Every structure is written in structure tokens, then in C-alpha cells.
1. With θ set to phi - 60°, apply the Karplus curve 6.51 cos²θ - 1.76 cosθ + 1.60 along the stretch 268-273 and write out the HN-Hα couplings as whole Hz, x wherever there is a Gly or Pro.
2. Taking each pair of distinct Cα atoms in the stretch 75-153 once, what is the resulting Kirkwood hydrodynamic radius in Å?
3. 5 Å is the cut-off here: which amide hydrogens, built 1.01 Å from N in the peptide plane, fall below it relative to N276, excluding neighbours closer than 5 in sequence?
4. Counting pairwise Cα distances across the stretch 184-319, what percent come out greater than 26 angstrom?
5. Taking every DSSP beta bridge that has both residues in the chain, what percent is antiparallel when rounded to the nearest 5?
6. Using just the Cα positions, wrap the stretch 120-174 in a convex hull and report its mean projected area in square nanometres, one decimal place.
7. How big is the dipole moment of the stretch 78-188 about its Cα centre under a simple scheme where the beta carbon of each Lys and Arg is +1, that of each Asp and Glu is -1, and everything else is neutral? Debye, nearest 20, please.
8. Tell me, what is a quarter of the convex hull surface for the C-alpha atoms of the stretch 1-107, in nm² with one decimal?
Amino acid sequence: MYARLIGTGSCLPGNPVTNNDLAARGIDTNDEWVVTRTGIRSRYLAEPGTTSSELGLVAAQRALEMANVAASDLDLIIVATSTPDFIFPSTACLIQGKLGNKGAAAFDVQAVCSGFAYALGIADKFIRSGSHKKVLVIGAEVFSRILDWSDRGTCVLFGDGAGAVVLEASEKPGILATAMHADGSLSGILNVPGQIAGGQVIGDPFLRMDGPAVFKFAVRVLADIAEEVCQVAGIKTCDVDWLIPHQANIRIIEATGKRLGIDREKVIVTVAHHGNTSAASVPLALDEAVRDGRIQRGQKVLVEGVGGGFTWGAALFEF
Ligand code: UT7
């Protein structure tokens with residue numbers, strides 16, 4: 001029994017905000033620096049008050065429509081997010097309520113930018129065990145809420161959005177291999193160290209990152225985990241039809257593709273117009289490439305993420 005992807009969907013809030021738009025808003029940056037160092041040209045930023053569950057709901061509805069599955073038929077809903085609407089209930093329960101589904105299991109996965117890869121791996125295990133048959137997996141984020149807009153080293157990098165997939169139990173191939181790893185000793189290189197206690201924010205509530213340390217680690221583990229899932233599935237990395245790495249920086253994406261021997265044309269890149277949307281980056285890129293016809297049925301797709309924790313994860317599937 002395989003977990004087969006039968007629908008994808010995505011949602012981006014509002015209009016693109018360019019690097020020049022950010023400079024015009026008073027951020028001490030320029031288009032040339034951001035494009036050269038990251039490949040990012042624009043990103044989408046949610047209006048104040050727009051939440052991850054709202055973006056995730058629209059992405060989910062689009063994925064369900066493509067899959068021709070009624071929300072009431074879902075038996076599991078997993079949302080990968082680090083910017084949930086509330087401490088609780090989970091964003092997955094909020095989306096379940098908005099979809100009108102009753103009874104499905106619903107929970108959030110917190111693995112930051114690896115969240116979608118983790119959630120796919122979890123969904124795959126539920127389906128393969130035979131316990132669940134129709135699963136909605138969503139990556140949804142409003143990272144703009146946790147950015148320090150006075151820190152030019154981070155605020156230009158991130159954007160908001162959501163992507164979703166519907167998986168069903170099938171005898172036809174779907175997910176071939178998944179992997180997830182973490183190294184908590186590196187929690188300090190990318191984090192939001194503040195806490196809420198006694199009705200107050202204690203500490204720093206904004207995203208902090210040691211960019212160069214994250215960069216180095218990301219290139220290594222993205223290559224390692226891609227090799228790991230390909231080995232489990234018994235294929236060479238150069239034989240995948242499409243690579244969808246986490247969309248954080250074009251230089252990381254290119255270095256990963258090169259290490260794996262995957263041609264540039266087989267790598268889906270959306271970082272230029274989405275920025276880094278954390279757990280939403282991979283499902284957003286996947287939906288774009290499915291809907292524009294690049295990803296075709298029967299092709300092998302490798303998705304992978306890396307992010308705070310430190311975490312990294314990957315899934316290889318036949319579409
Ligand atoms: O989603 C989780 C995964 N996240 C990532 O994968 C991010 C990984 N890291 C990166 O992508 C890169 O390290 C960054 C894009 C964050 C930074 O690139 P870098 O080449 O490592 O630059 P840097 O941090 O070493 O900064 C170089 C210079 C500094 O100036 P000085 O001190 O050399 O004069 C910064 O102040 O660039 C300056 N700078 C900027 N200049 C204009 C930093 N941010 C900006 C900015 N605009 N927005």
C-alpha cells in the first residue's frame with residue numbers, strides 16, 4: 001500500500017512585495033544585495049490579522065478540489081507550521097473546523113522549514129500502517145509576524161503563504177521513501193527565543209539566525225538526506241525527474257543540485273518570487289510545478305526541507 005498524491009493546492013496573500021518596496025518602506029537594504037546573496041526578488045506578506053489557518057484553508061480547498069475528495073472523507077489532517085494562529089487549539093483543528101470535517105485526527109507538526117517533509121513522512125506512515133486512508137497535509141506560515149523589521153539580515157528573506165496536498169491509500173506507487181533527522185545541539189543558530197508566560201512575552205519574540213552557519217549546514221544535510229531517500233528507494237539521485245528543495249536561498253539550492261548531480265532544469269525554484277516561506281515553501285513550489293504542467297504523472301519527485309531545530313527531512317515519491 002502506498003500513500004499517493006492525488007491533489008495539490010496553494011495560497012499566497014495579497015500582492016508581491018519587491019526588494020525595492022522594502023527599501024522604500026525604510027529597510028536599509030537594496031535589490032542588488034538581496035538578489036545577489038539570496039536570489040529573492042519579491043515575496044508575499046499577509047495583511048495584519050490574516051492567519052496561517054486562513055491561508056492553509058484556501059490551499060487545502062484547492063488541493064481537495066484537484067483530488068476530487070470531499071472534506072468529510074478525510075480521516076487525518078496534519079499542518080506543518082511554526083506560526084500557528086494560537087498556542088492551542090492546533091492550526092490543524094482550526095482548518096478542520098473551517099472545512100466542516102468532523103472526526104478526522106488533526107494535529108500540527110513543528111519542525112520549522114522541514115515541517116512539510118516531516119508531515120509527509122508522518123502521513124506516509126499512517127497510510128502504510130493501514131490505519132488512515134485519506135490524508136490532508138498542509139504547510140502554512142505567516143513568518144512576517146515573527147520578523148524583526150529592523151534586522152535587515154533576516155527580514156528581507158521571508159514571506160507568507162500555504163501549500164497543501166491530499167494523499168490517499170493506493171496500490172499504485174506514491175511515496176517511495178521518507179527520512180527525518182534533527183540535531184537539537186544546533187537550536188541556537190536559528191530560533192525565536194521568546195516565550196509567553198504570565199500574560200507577557202518573556203525574552204525576544206523575533207526570528208534570529210546565524211545565516212552563514214545555517215547556510216553551511218543546509219547544503220550538507222540537503223545533499224545527505226536526498227542521497228538517503230534515493231538509496232532506500234534504490235535509485236540514483238541523478239535519476240529523479242524533479243528536485244524541490246526548501247526555498248531559502250538560490251545559492252543553497254544550486255549547491256545542493258550540483259552535489260547531487262541533478263541538472264539545473266530539473267530543480268524547481270520559486271524562491272525568487274516567494275522568498276522563504278518556511279514549511280509552506282515546498283508545497284507552494286510543488287503546486288506551482290504541478291499546475292503549470294512541469295510535473296507529470298509517473299515522474300519521480302524528491303522534496304526536502306531544512307530548518308530550525310535543527311531539523312531536516314525528505315520524501316521521494318512517484319507522482
Ligand atoms: O529557512 C531556514 C534556512 N535558512 C537559510 O537557509 C538561510 C541561510 N543563510 C543565508 O541564506 C545567508 O547566510 C544570508 C542570505 C542570510 C546572508 O548571506 P551572507 O552572504 O552569509 O551575508 P552575511 O550575513 O555574511 O552579511 C554580509 C554583509 C554584512 O555587511 P558587512 O558586515 O560585511 O559590512 C551585512 O550587514 O551584508 C550585509 N547585509 C545586508 N546588506 C544589504 C545583511 N543583510 C543585508 C541586507 N541588505 N538585507
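The values are calculated or read from the model by the stated rules, or taken from the named source; none is laboratory data. Here the structure is a predicted model, which is why all the values come from computation and not from measurement. We place every Cβ from the backbone using ideal geometry, glycine too, and count neighbours over all the protein chains shown. All accessible areas refer to the heavy atoms of the entire protein, side chains included, with ligands and DNA or RNA removed. Shrake-Rupley method; radii C 1.70, N 1.55, O 1.52, S 1.80 Å.
1. Rounded to whole hertz, the list is 7, 10, 10, 4, 4, 10.
2. Its Kirkwood hydrodynamic radius stands at 13.4 Å.
3. F158, G159
4. That fraction is 27 percent.
5. 70
6. Averaged projected hull area, Cα only: 5.0 nm².
7. The calculation lands at about 440 debye.
8. 9.2
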